[in-house]
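Down below is the structure, laid out as structure tokens.
The values are calculated or read from the model by the stated rules, or taken from the named source; none is laboratory data. Please read these numbers as outputs of a predicted model, since none were measured by experiment. A quick note on method: Cβ atoms are made from the backbone with ideal geometry, for glycine too, and the neighbour counts reach across all protein chains shown. Surface accessibility is based on the protein's heavy atoms, side chains included, excluding ligands, DNA and RNA. Shrake-Rupley method; radii C 1.70, N 1.55, O 1.52, S 1.80 Å.
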Amino acid sequence: MTQREPIYEGKAKKLFETEDPDILLLEYKDTLTAFNALKKATMEGKGTLNNKISSFILQYLSSKGVPNHFVKVIDDSSQLVKKVEIIPLEVVVRNITTGSICKRLGVPEGINLIPPLVEFYLKNDDLGDPIVTKEQAIAFGWAAKEEIEKIKDLALRVNTLLQELFTPLGITLVDFKLEFGKTKDGEIILADEISPDTCRFWDSSSGDRLDKDRFRKDLGNVLEAYQEIWKRLSCKGER
Ligand code: ADP
Ligand code: UDP
């Protein structure tokens, strides 16, 4: 079904063409990177966990009416997705301050952000994904004004839905990154992945980090944390 050579290989995933020109195969790799790929590691099983977690979440979001690229799971590490033209913006939603916002603005960690913040970063590894304003995104043609508004609305809707999913599982959704793309019909849909690589999840009782911060900060038990997220999500139906 897939050609041997990927059409794109990134830090965490590979993309392959399929027989259908509108569908891509997205393969999740076992590699982990942080600090713009200055820190790297391989953890066997990480790709499988992220494939499962992201598929689960994207299907949940589809069921709640959020248009996204997910088509179906193919095997342990890959899924079929609708091909889109990625909008070159990383859209970050924050419910609690931590990470780059604390460094950038000197604000303490742990402030509840009500309402949540939506931020845009330019997807450009060479520049270290700089933060940009909506006006800059429009001025430089990275997205049109209506697209920015649509993306912001979708990002906030995803935030509400993810909180409804994770709060009953004892997980606090701290922040996360989304990517959006345009289909061949010009529709803006959610793309890429939603996983512990791209979200910050804190255990609601202990405050334990259950995401890539375990890798960024050398806290150990990275894979165990991802497994814990998958365990709680997959047990959801049995509660
Ligand atoms: P990076 O490119 O930052 O190293 P990844 O390793 O996650 O990141 O690579 C996956 C790439 O696939 C990303 O550049 C992402 O924008 C892109 N992508 C995700 N979903 C789709 C899609 N449905 N169609 C086309 N490209 C996609
Ligand atoms: N994030 C991501 N990819 C990036 C940058 C950030 O998935 O290239 C996620 C990150 O995991 C966190 C959120 O976006 O959940 C906010 O990240 P932040 O801006 O605090 O950056 P960081 O501290 O990770 O550098």
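Based on the inverse mean of 1/r over its pairs of different Cα atoms, what is the Kirkwood hydrodynamic radius of region 27-141, in Å?
Details: mean 1/r = 0.0595 Å⁻¹.
One decimal place: 16.8 Å for the Kirkwood radius.
Can you tell me the order of 116-126, 67-77 when each peptide is scored by its average per-residue count of other Cβ atoms within 10 angstrom, highest first?
Packing proxy ranking, top to bottom: 67-77, 116-126.
With a 1.4 Å probe and every protein chain left in place, work out the accessible area per residue of the chain in Å², rounded to a whole number. If you can, show how the numbers build up before the last one.
Working: 11810 Å² over 239 residues.
It amounts to 49 Å² per residue over the chain.
So what is the 222 nm mean residue ellipticity for the chain from helices alone, if each DSSP H run of at least 4 adds -39500 (n - 2.57) and you divide by all residues, rounding to the nearest 500 deg cm²/dmol? Each step should come with its number before you reach the end.
Values: 6 runs with 69 residues, N = 239.
Rounded to the nearest 500, it is -9000 deg cm²/dmol.
Two-decimal Rg/Rh of the chain from alpha-carbon positions, Kirkwood Rh?
Checking Rg against Rh, the ratio lands at 0.94.
Cross-link list Lys40/Lys72; Lys83/Lys123; Lys40/Lys212; Lys39/Lys83; Lys11/Lys145; Lys14/Lys134: which exceed 23 angstrom alpha carbon to alpha carbon?
On the way: Lys40/Lys72 29 Å; Lys83/Lys123 18 Å; Lys40/Lys212 12 Å; Lys39/Lys83 30 Å; Lys11/Lys145 30 Å; Lys14/Lys134 29 Å.
Going by Cα-Cα distance, Lys40/Lys72; Lys39/Lys83; Lys11/Lys145; Lys14/Lys134 fall outside the 23 Å limit.
May I ask which residue of Ile188, Thr48, Thr198 lies farthest towards the positive end of the charge dipole of the chain, with charges of +1 (Lys, Arg) and -1 (Asp, Glu) on Cβ and the Cα centre as origin?
Thr198
Can you tell me the FRET efficiency between Asp126 and Lys184 if r is taken as the Cβ-Cβ distance and R0 is 30 Å, rounded to the nearest 0.05?
Between Asp126 and Lys184 the formula returns 0.60.
Please compute one quarter of the surface area of the Cα convex hull for region 77-194 and express it in square nanometres. Kindly include the intermediate steps, with their values, before the conclusion.
Details: hull surface 35.7 nm².
Mean projected area of the Cα convex hull: 8.9 nm².
Would you mind calculating the gained length between Gln136 and Ile7 on full extension (0.36 nm times residue separation, minus the Cα-Cα distance), in nm to one decimal?
Answer, rounded to one decimal: 43.5 nm.
Amide H of Phe180 versus every other amide H placed in the peptide plane: which residues, excluding those fewer than 5 positions away on the same chain, fall under 5 Å?
When sequence neighbours closer than 5 places are left aside, the close amide H contacts are Ile87, Leu89, Ala191.
Straight-line reach from Lys46: which aspartates and glutamates have Cα under 15 Å away, leaving out those fewer than 8 places along the same chain?
Glu27, Asp30, Asp75, Asp76, Glu193, Asp197, Asp211, Asp213, Glu224, Glu228
Taking the simple approach of a point 7 Å from Cα along Cα-to-Cβ for both Lys72 and Glu17, what is their distance in nm?
With each label placed 7 Å out from Cα toward Cβ, I get 2.3 nm.
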